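Novice: Provided herewith is a single structure, encoded as structure tokens, for subsequent inquiry.
The values are calculated or read from the model by the stated rules, or taken from the named source; none is laboratory data. As the structure is a computational prediction, the values presented were derived from the model and not from experiment. Note that we place each Cβ from the backbone using ideal geometry, even for glycine, and neighbour counts take in every protein chain shown.
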């Protein structure tokens, strides 16, 4: 995956810039109110226990954790593209 990303994305500056923008928007969409929703979900599960879990709070918690990991992945892509473009703008190869 690393070599594929380097060969197809990081070798083309325009595609690196587009990927940076997409990763920024994905990170933003995934992380908006994520912490608040996560805490509210945990509070619901702790207050109502098995009833809340059977009503879908447990499935929602799993979805929130998956969304958190998607945000982390988008952030890593964003920082990788930023690093490549910063080195290019600074004159490094």
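Novice: If you check residue 69 against the conditions, is it surrounded by 15 or more Cβ atoms within 10 Å (Cβ to Cβ), out of contact with any strand residue (DSSP E or B) (no Cβ under 7 Å at 6 or more places or on another chain) and farther than 20 Å from residue 13 by Cβ?
Specialist: no
Novice: A further question follows. Return the total of residues in the range 56-66 being surrounded by 15 or more Cβ atoms within 10 Å (Cβ to Cβ) and within 30 Å of residue 2 (Cβ to Cβ).
Specialist: 1
Novice: Just one of the numbered conditions (1) over 16 Å from the mean Cα position of the chain (by Cα); (2) modelled with pLDDT of 90 or more; (3) surrounded by 13 or more Cβ atoms within 10 Å (Cβ to Cβ) is not true of residue 14; which one?
Specialist: Of (1) over 16 Å from the mean Cα position of the chain (by Cα); (2) modelled with pLDDT of 90 or more; (3) surrounded by 13 or more Cβ atoms within 10 Å (Cβ to Cβ), only one is false for residue 14: (3).
Novice: May I pose another question? For the range 43-55, does any single residue satisfy the condition of being under 22 Å from the mean Cα position of the chain (by Cα) and surrounded by 11 or more Cβ atoms within 10 Å (Cβ to Cβ)?
Specialist: The answer is no, given that none of the residues of the range 43-55 is under 22 Å from the mean Cα position of the chain (by Cα) and surrounded by 11 or more Cβ atoms within 10 Å (Cβ to Cβ).
Novice: Output the number of residues of the range 18-37 satisfying the condition of being surrounded by 16 or more Cβ atoms within 10 Å (Cβ to Cβ) and farther than 14 Å from residue 64 by Cβ.
Specialist: Of the residues in the range 18-37, 6 are surrounded by 16 or more Cβ atoms within 10 Å (Cβ to Cβ) and farther than 14 Å from residue 64 by Cβ.
Novice: Go through the range 14-58 and count every residue that is on the phi > 0 side of the Ramachandran plot and in contact (Cβ under 8 Å) with a residue 12 or more places away in the chain. Steps first, answer last, please.
Specialist: Here is the first cut: in the range 14-58, the ones on the phi > 0 side of the Ramachandran plot are 33, 49, 56.
Okay, now just the ones that are also in contact (Cβ under 8 Å) with a residue 12 or more places away in the chain, so none.
Residues that pass the stated criteria total 0.
Novice: Okay, moving on. What single numbered condition from (1) within 19 Å of the chain's Cα centre (by Cα); (2) more than 26 Å from residue 10 (Cβ to Cβ); (3) in contact (Cβ under 8 Å) with a residue 12 or more places away in the chain fails to hold for residue 82?
Specialist: (2)
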